[in-house]
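**Q** First the structure, then my questions, so here it is.
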Amino acid sequence: MPIARSTVVGATTGVLLLAGAVGFGVGLPKVVDDPAAVPTLPTKLDNRFVALQAITPEQAGATSPDQAAQIKTFTDRAAKSEAETRKILVKQYDAAAVRAYIDVPAASASSQSIPAQIAVTVIPGDAGLVNPSGPFVVDESGSHYTLEVIHGSHCAVAWNEPVDQTAGTPTGQKPTGADYRVQCRKEVDGLTYDLYTNGLTPNEVASYVDKVLELTGKA
């Protein structure tokens, strides 16, 4: 049962993702005096991404009571992490919704690779800047960082070039989703929707911004 055994999606996963959400939330502008109502985030975005606290033993591939108990411990910790993170955000912005999602099919299929993850934060107010690594774009030793507008979302995109295993040097090509770290943000009806992700391409992240808007009735 990879989800229960893997150190990647162990008890710290929710803490790491949601800590990232808080960190980027700090860069958001202060909430307006009369904030819009913050929606409740869904327990899954599609058949791929499920909220950490909503993963079932069946989805995780549990085959014994002990494995099911491990999943229960994991989901309980994820729920606690989410609640604590929301409290931090509410202190700053007066209202907030936050939720972490993981690619359950990928996590269940393999414990050797890191499954894609999404942390969603919603607060009232203007979107502000999206530049978690600063405003300057750099290109050093195969590492890349760009600021882009994708399908109306403002995104910061970081990635490392794939390395030629024979020569040990960057190939000059763009990677698959696994090597991307992307943050995209969009403002709709007085609310800022922010997605901080690992393991998804920039276009995929922008599409999930719109998916969250659709699921919360803001599309």
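**Q** Looking only at region 163-185, which residues are in a strand (DSSP E or B) and open to solvent by 30 Å² or more (accessible area, probe 1.4 Å)?
**A** Val163, Pro170, Arg181
**Q** Looking at region 204-219, I want the residues that are over 10 Å from Tyr193 (Cβ atoms) and have a partner that is assigned to a loop (DSSP other than H, G, I, E, B) and open to solvent by less than 60 Å² (accessible area, probe 1.4 Å) with Cβ atoms under 6 Å, at least 6 apart or on another chain. Which pairs are those?
**A** Lys211/Leu45; Leu215/Pro42
**Q** I would also like to ask the following. From the residues in region 57-79 that are open to solvent by less than 50 Å² (accessible area, probe 1.4 Å) and not in a helix (DSSP H, G or I), which one is modelled with the highest pLDDT?
**A** Per the criteria, the residue is Ser64.
**Q** For region 139-162, enumerate the residues that are open to solvent by 70 Å² or more (accessible area, probe 1.4 Å), at pLDDT below 90 and in contact with a strand residue (DSSP E or B) (Cβ under 6 Å, 6 or more places away or on another chain).
**A** Selection gives Asn160 alone.
**Q** Moving to a separate point now. Looking at (1) at pLDDT below 90; (2) closer than 24 Å to Val205 by Cβ, find the lone condition where Gln53 falls short.
**A** Unmet condition: (1).
The values are calculated or read from the model by the stated rules, or taken from the named source; none is laboratory data. Only a predicted model underlies this, so the values are computations on that prediction, with no experimental measurement involved. Here Cβ is always computed from backbone atoms with ideal geometry, including for glycine, and neighbour counts include all displayed protein chains. The area values use the complete protein model at the heavy-atom level, side chains included, leaving out ligands, DNA and RNA. Shrake-Rupley method; radii C 1.70, N 1.55, O 1.52, S 1.80 Å.
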